[in-house]
């Protein structure tokens, strides 16, 4: 009869089992360079890399704080928005013909969906056990393609953006004490093109710059109203009124554009 055959072993809950082993990582010496213990070897490396990137981002936020703009104005149709830096590549993608206009769905949904979907499927498309990038061409190729595309589109977005116009349209302007009971303001308000572009507080609006602290003389303001400013949204002959009203309006604007006077 074989030893133990036909025998039943019954455990007794009153007897403590003493077969617990200490929490010692497995011995991976049989697989040199191919695998390692998750704790603490692998996890410690991940934490160290994450700490380095976190400190780098913290240093960037201290050295280059987030630029603040004026309070959002939903009536300002001339404002050109700019997303945060990590969305600039998607913002640039929507500028191309095949991804904007009638094809806006392609640029906003289809192309990003295919790109992120390919990255999510990368581990399933390449199930190799090799850790070297050259030994895993599918996964490495998809990652490099995504990285190069993101860097290129981000660079193009930064290079093509009109930063001077963006700084001007988002500049924070201190509100001035405007006399809305003055005759000059009544003329300004009656001119739809004036108040529509420069706002009811003359601090700028839909495509028009602020008229506060312009440092222009009355004569210069009249010249601008008559002849406009080439290359801007200020057209010539925008004022509809008499010369006397124009003089009053110019003096009113100059009084706010030259507060020292």
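The values are calculated or read from the model by the stated rules, or taken from the named source; none is laboratory data. The structure displayed is predicted, hence computed values, not measured ones. Ideal geometry is used to build each Cβ from the backbone, glycine not excepted, and the neighbour counts take in all protein chains shown.
Residues that are surrounded by 11 or more Cβ atoms within 10 Å (Cβ to Cβ), in contact (Cβ under 8 Å) with a residue 60 or more places away in the chain and out of contact with any strand residue (DSSP E or B) (no Cβ under 9 Å at 6 or more places or on another chain) do occur in the range 187-196.
Among the listed residues 102, 27, 76, identify the single one that is loosely packed, with under 11 Cβ neighbours inside 10 Å, over 18 Å from the mean Cα position of the chain (by Cα) and modelled with pLDDT under 70. Spell out how you get there, then give the answer.
Working: 102 fails: modelled with pLDDT under 70; 76 fails: loosely packed, with under 11 Cβ neighbours inside 10 Å.
Criteria check complete, one pass: 27.
Name the one entry in 68, 90 that is closer than 30 Å to residue 232 by Cα and surrounded by 13 or more Cβ atoms within 10 Å (Cβ to Cβ). Result of the check over 68, 90: 90. Every condition in (1) in a helix (DSSP H, G or I); (2) surrounded by 11 or more Cβ atoms within 10 Å (Cβ to Cβ); (3) within 17 Å of the chain's Cα centre (by Cα) is met by residue 138 except one, and the failing one is (3).
Would you call residue 113 in a helix (DSSP H, G or I) and surrounded by 13 or more Cβ atoms within 10 Å (Cβ to Cβ)? Give the derivation first.
Details: in a helix (DSSP H, G or I): yes; surrounded by 13 or more Cβ atoms within 10 Å (Cβ to Cβ): no.
Judged against the criteria, residue 113 is not a match.
For first residues located in the range 138-153 and in the same structural domain as residue 92 (by TED's automatic domain parsing) and free of Cβ contacts under 8 Å to residues at least 60 places away in the same chain, partners that are surrounded by 15 or more Cβ atoms within 10 Å (Cβ to Cβ) and not in a helix (DSSP H, G or I) and lie 6+ apart or on another chain with Cβ distances below 8 Å form the pairs 138/126; 139/126.
Going through the range 204-235 one residue at a time, which ones are in a loop (DSSP other than H, G, I, E, B), modelled with pLDDT of 75 or more and in contact with a helix residue (DSSP H, G or I) (Cβ under 6 Å, 6 or more places away or on another chain)? Within the range 204-235, just 216 meets the criteria.
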